[in-house]
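The values are calculated or read from the model by the stated rules, or taken from the named source; none is laboratory data. Every value quoted in this text rests on a predicted model; they were computed, and no experiment measured them. All Cβ positions, even for glycine, are placed from backbone atoms using ideal geometry, and neighbour counts span all protein chains on display. Ligands, DNA and RNA are excluded from the accessible area calculation, which covers all protein heavy atoms including side chains. Shrake-Rupley method; radii C 1.70, N 1.55, O 1.52, S 1.80 Å.
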Amino acid sequence: MAGARPVGAPTRGTTNPNRLRRVDRWLAGAPEVAAALRRAPDPLVVDLGYGASPVTTVELAARLRRAHPRIRVLGLEIDPARVAAARPAAHPPVLEFRQGGFELAGTRPVLVRAFNVLRQYPEDEVAGAWKLVLDRLAPGGLFVEGTCDEIGRLSTWVTLDADGPRTLTLSCHVGSLDQPSTLAERLPKALIHRNVAGEGVHDLMSTLDTCWATAAPHQAFGARARWLETVRLLAARGWPVLTRPRRIRLGELTVPWDRVAPGGSG
């Protein structure tokens, strides 16, 4: 695979410092990520499609290495001009940049992060892009693919392994949240057009809004208290909540993929 032609199309490339802090924080603390990195003899992490600036790749390397000092990070961009612009930020072998796309430039990473990449593709191309990445992961590897807003207050992602998607995670700054369904604007490409009646993700968003409204009295104790009650009510209505309590307090919610997968009601 070395020297393979990059697969994909250039994205708009817009980014901002700290835009991906929510997923970075999750990656640094997630037990499944820690287990995958710990098992790997060479824990390579790929940041796929970092954009016109390498800032979020630099931040990923710094945040992950605090929790996992053995990792090294490779930023991949399909646009050679962006790779050239990023190279002054490199710090080999800990942090490097290379041209590449969904074929991962011939590497076999343990972890791949791709944010705000597939949202610019047609929905019917998502499964193929996922497969390209998953087929190139190291054994036991993980792929985290998602979307966020411009300043990183709203973020969602799918976590996948060799068998396909496992979970959907929602992450938000609860203090600025109007209602949970605001997150629907930032759903991953596989789900963003599925927020309609009869789909599982629509059921999730609708139920969250109902629980948020019911939890309104808790707003007197702050937005976090209201969010905690919202998630408690969601679980009481039969939704499996996979998030650890400490992370719920950070504005996170993770549910099984099979409850939101396209084509069926949750």
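What the table below lists for this structure:
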{"quantity": "Among Arg22, Arg65, Arg108, residue whose mean-square fluctuation peaks in a GNM of the chain (springs only between Cα atoms under 10 Å)", "calculated": "Arg65"}
{"quantity": "Neighbour cut-off at most 12 other Cβ (10 Å), DSSP loop, trypsin sites (Lys or Arg not before Pro), region 110-170", "calculated": "none"}
{"quantity": "Amide H within-cut-off set for Tyr50, under 5 Å, with H built and near neighbours excluded", "calculated": "Leu76"}
{"quantity": "Selection from Ile71, Ala86, Gly51, by position along the positive dipole direction of region 38-98 (Cβ)", "calculated": "Ile71"}
{"quantity": "Added length on full extension, which subtracts the Cα-Cα distance from 0.36 nm per residue, His193 to Arg244", "calculated": "15.5 nm"}
{"quantity": "Antiparallel %, DSSP beta bridges [both residues in the chain], to 5", "calculated": "50"}
{"quantity": "Of Leu177, Leu134, Leu60, the one that fluctuates the most in a GNM where the chain has Cα springs shorter than 10 Å", "calculated": "Leu177"}
{"quantity": "Under-5 Å amide H pairs with Thr167, H placed in peptide plane, nonlocal only", "calculated": "Thr159, Trp257"}
{"quantity": "Residues listed by number, region 231-251, amide nitrogen under 15 Å from His173 label point at 7 Å toward C-beta", "calculated": "250-251"}
{"quantity": "For Arg98, solvent-accessible area (1.4 Å; no DNA, RNA or ligand), Å²", "calculated": "100"}
{"quantity": "Share antiparallel - DSSP beta bridges, region 65-218, percent rounded to 5", "calculated": "60"}
{"quantity": "The chain: relative contact order in percent, alpha carbon pairs under 8 Å with at least 6 residues between", "calculated": "16"}
{"quantity": "Mean projection area, nm², convex hull over Cα of the chain", "calculated": "13.3"}
{"quantity": "Percent antiparallel among DSSP beta bridges (both partners in region 1-136, rounded to 5)", "calculated": "5"}
{"quantity": "GluC sites (Glu not before Pro) restricted to DSSP loop in region 102-177 with at most 15 other C-beta within 10 Å", "calculated": "Glu150"}
{"quantity": "The chain: most fluctuating residue of Leu187, Leu132, Leu111 per GNM, C-alpha cutoff 10 Å", "calculated": "Leu132"}
{"quantity": "Cut-off under 5 Å, modelled amide H: who pairs with Phe97 long-range", "calculated": "Gly75"}
{"quantity": "Helix-only CD estimate at 222 nm, as mean residue ellipticity for the chain, using -39500 (n - 2.57) per DSSP H run (n ≥ 4)", "calculated": "-9000 deg cm²/dmol"}
